[in-house]
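Structure first, commentary second.
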Amino acid sequence: MSVDWEKKHLNQKKQVNKFINSLREENIDDVEDLFSDDDTIGFLNYDDDNFIKIKFNKFHFINNKLKEINCNNVFFDKLAKVYYDLTLKINIDNIFFNSIDIKNFKTKIMNCYLNIYKFPTLIKSNEFDSIFINNDILNKFSFSLLKVCFYKFVYHISKTIINGINENISAFNEYIKNKIFIREVIKITEYYINHLLNNLCMSLIDHNVSTKNKNLVNSLLNENFLFNNYNSFSKRYKIYLENFISNINAFHVNKEIQNALIFFGLKIDNSYDDFKIELRKLSKKYHPDLMHNQNEDQILKVNYYRLILEDYFRNN
């Protein structure tokens, strides 16, 4: 190995390190510490009484075992397009995003802000190309392999995220909460995508990957960083989704308590005795035995809100 090649190789690694300097903790604000151990993140201040069990699927990674004839950048470009199209076909089954245009959001990848074409993190091919357009860090073959790995990873995390929504959030259209959810999920995906691209770039340069390294190519495309990153992402997203749904339920309960107080003409500082007085009044007013009262809905509301406030006063 020549001295000139070693200098060039070292210079390329320095460029990569500089190029991926976006991988810092400040770029993943508003989420829990993602740098801690995967088995413990999210549980430090966790209240088991509020823990909501959710339906969650982690999907098997598609194995693209390549033959030597397919170990070229032309095939990689086609495979990247396959994963791009598969991601486009993943649908959210409910009205979760009706009020929000996802194209108003951006994702930060390798220090570049890119338009999101489809939630959670699908970007158009030319957007991905633009990250590297002015950099000669990777040769054409390595870049094509990197692009396949990116779209393969995006496909699997998109499937996991959207399946989690479809299985657990049937109808939730609070505009502000939706925006918070989208923004935080994008932040989580940013971290794992950048972590993946960082490691892949370093590995591609370290091993000077080419068409002759079929075994290494298969390893990068099917194991190592992709699989480990997906496992880490799945753990993190599952914790976030559980906490988010717990908050939805807490928000719903608080809203119902407010509605019940309004229905009985009470305020938050009223006592249980005040509640019993108003309950007797409304129970008498809407009693079904009274000839003039044909409104069954009102007595049902009395009984429904009575249960909510009895539980509220019992626990406060």
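Every number in this text was worked out from the coordinates using simple rules, so none of it is lab data. On a predicted model such as this, the values are computed, not experimentally measured, just so you know. Note: ideal-geometry Cβ built from the backbone for every residue, glycine included; neighbour counts use all protein chains shown.
Taking amide hydrogens as modeled 1.01 Å from N in the peptide plane, which residues meet the under 5 Å criterion relative to L122, leaving out close sequence neighbours?
For L122, whose amide H was placed from the backbone, the distant partners under 5 Å are Y117.
Can you check what the Kirkwood hydrodynamic radius comes to for the stretch 106-158, Cα pairs only, in Å to one decimal?
11.6 Å
Around S144, what is the net charge, scoring Lys/Arg as +1 and Asp/Glu as -1 over all other residues with Cβ under 14 Å from its Cβ?
So the environment of S144 carries a net charge of +3.
Which entries of K89/K147; K81/K214; K152/K179; K67/K187; K179/K301 show an alpha-carbon separation above 30 angstrom in the structure shown?
Checking Cα-Cα distances, K67/K187; K179/K301 exceed 30 Å.
Measure off 7 Å from each Cα along the Cα-to-Cβ vector at D269 and K58, then give the distance between these two points in nanometres to one decimal.
Result for the modelled spin labels: 5.1 nm.
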